[in-house]
Amino acid sequence: MEQYEPDRLSPAQMAAIRRSYRNGRAALTRRSLLRASAGGALTLGGLGALSACGIPAAGKTEGGTSAEDHSAKEKTVSFSNWTEYMDVDDSGRHHPTLEAFTERTGIKVKYTEDINDNNEFFGKIKPQLSAGQDTGRDIIVLTDWLAARLIRLGWVQKLDPSNLPHAYSNLSPQFRNPDWDPGRAYSYPWQGISTVIAYNKKALDGTEVKSVSDLLDNPRLKGRVGFLTEMRDTMGMTLLDMGKDPARFTDDDFDAAVARLQKGVDKGQIRRFTGNDYTSDLTKGDLAACLAWAGDVVQLKADSPDVDFVIPDSGYLTSSDNMCVPNKARHKTNAERLMDYYYEPPVAAQLAAYINYVCPVDGVKTELAKIDEDAASNPLIVPDKAMQAKSHAFRSLSAEEETAYETKFAKLTGA
């Protein structure tokens, strides 16, 4: 049964976007999440325009629309990515892995960092995709829920496995079968993003934190606990703590998790809901513990000896940013060759050493150790099998569910 996509974003969804622009994942740079030059938020005027942007009913769900592939004659590929999500040399002007790809293949890469937020980027490419036109891009990188939407709409192309031998062989098991793209027929992960519990050892002063329950129930932490403004992260971690699977929860499960968090708000246990601005509070000790993104924690641990993290026994949440080939792309084969290139372990290692996110490539650890032994041994960058087993994904939502859940979450957070 096709899922209906509403003509307009709901007020709750718009509130979620505004939170993201202010201090959520839209505000993150991909190299150092502690830098102030955060990723180019859209103005509120732009938000108003986005809210009026119609989203059509879901279209076909099997295969996108291809165009004539000009890869053989046009040795080029256009790659749109998030800001600071690629390795850069010391001059800041060159991307070594991209230049090595061009040297090897003769394919020139037009690399553009023009993705600052999923919703904003969707508004940018929607007119062309809905009209069956070329976006001018051969690879786009989308967070899992938006990749799922474009697959459902039939707006991205099915990939040719014969052009992706390294990707097929080396994709980490924890990323192989998302419910929105089983077997990765339409997408491959660029990087993974994990949500964990971070804490300040000095601020804890001997208090043990091992779970979301500790955050919500330990009176010694009252007023010094943070949760995230990103609904999937906070609700997914809370559902796991309650013994529920974020990939299979019901409306009642969601409501019970909201009620549990509401108690934490009402009794003053939760200091506030944050985007990645928790980094300052955590290093200062104003927050003793909080939900945090692994990319932040890697940087914080390098700069502050008091900061550390824990993976709850109940598990942790992992999402992914994913490479897709949009409909009517002119250079699909070239795009697939570039996607596959980043699944060669030496190349993946060079990228991981620079951006410090969860590498989705099996076999990267040995290669990464040649570059950076600390990064290779960091489970937030290269999860071991035990950590992979604790990884969970938040399930795909229908448009109706997303509106209902964001409405309840906005009320909880006071957005």
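The values are calculated or read from the model by the stated rules, or taken from the named source; none is laboratory data. What you see is a predicted model, and the numbers here were worked out from it, not measured in a lab. Cβ coordinates were reconstructed from backbone atoms using ideal geometry, including for glycine residues, and neighbour counts include every protein chain displayed. Remember, those area values only see protein heavy atoms, side chains included, never the ligands or the DNA or RNA. Shrake-Rupley method; radii C 1.70, N 1.55, O 1.52, S 1.80 Å.
At-a-glance table
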| quantity | calculated |
| --- | --- |
| Positions within the stretch 246-262 being under 25 Å from the mean Cα position of the chain (by Cα) and open to solvent by less than 50 Å² (accessible area, probe 1.4 Å), in sequence order | P246, A247, F249, D253, F254, A257, V258, L261 |
| Selection within the stretch 317-333 - touching a strand residue (DSSP E or B) at 6+ places or on another chain (Cβ under 7 Å) and part of a loop (DSSP other than H, G, I, E, B) | V325, N327, H331 |
| Subset of the stretch 263-305 (residues that are at pLDDT 95 or above, part of a loop (DSSP other than H, G, I, E, B) and open to solvent by 40 Å² or more (accessible area, probe 1.4 Å)) | K267, D286 |
| Among the residues listed as T102, T112, the single one being at pLDDT 95 or above and not in a helix (DSSP H, G or I) | T112 |
| Test: residue in the stretch 205-224 that is open to solvent by 40 Å² or more (accessible area, probe 1.4 Å), within 21 Å of P383 (Cα to Cα) and outside the structural domain of K108 (by TED's automatic domain parsing) | yes |
| Test: A256 is modelled with pLDDT under 95 and hydrophobic (A, V, I, L, M, F, W, C) | no |
| Residue check, R330 closer than 23 Å to L98 by Cβ and charged (D, E, K, R) | yes |
| Some residue of the stretch 153-160 being open to solvent by less than 10 Å² (accessible area, probe 1.4 Å) and under 28 Å from L240 (Cα atoms) | no |
| First in the stretch 77-97 and touching a residue at least 12 places away in the same chain (Cβ under 8 Å), second anywhere and among the hydroxyl-bearing types (S, T, Y), Cβ under 6 Å, 6 or more apart | F79/Y111; S80/T112; T83/T29; E84/T29; D87/T97; D87/Y354 |
| Test: K244 is over 30 Å from P127 (Cβ atoms) and assigned to a loop (DSSP other than H, G, I, E, B) | yes |
| Filtered residue count, the stretch 306-316, keeping only those that are assigned to a loop (DSSP other than H, G, I, E, B) and among the charged types (D, E, K, R) | 2 |
| Tabulated pairs, the stretch 230-246, first within 13 Å of S213 (Cα to Cα) and without any contact (Cβ under 8 Å) to a residue 40 or more places away in the chain, second part of a helix (DSSP H, G or I) and of a type in the set (K, R), C-beta under 8 angstrom, 6+ apart or interchain | T238/R260; M242/R260 |
| Index of the failed condition, I197 passing every other in (1) of a type in the set (A, V, I, L, M, F, W, C); (2) modelled with pLDDT of 95 or more; (3) not assigned by TED's automatic domain parsing to the domain that holds P312 | (3) |
| Helices (runs of 4 or more DSSP H) wholly inside the stretch 334-408 that include at least 1 residues being surrounded by 19 or more Cβ atoms within 10 Å (Cβ to Cβ) and acidic (D, E) | 364-371 |
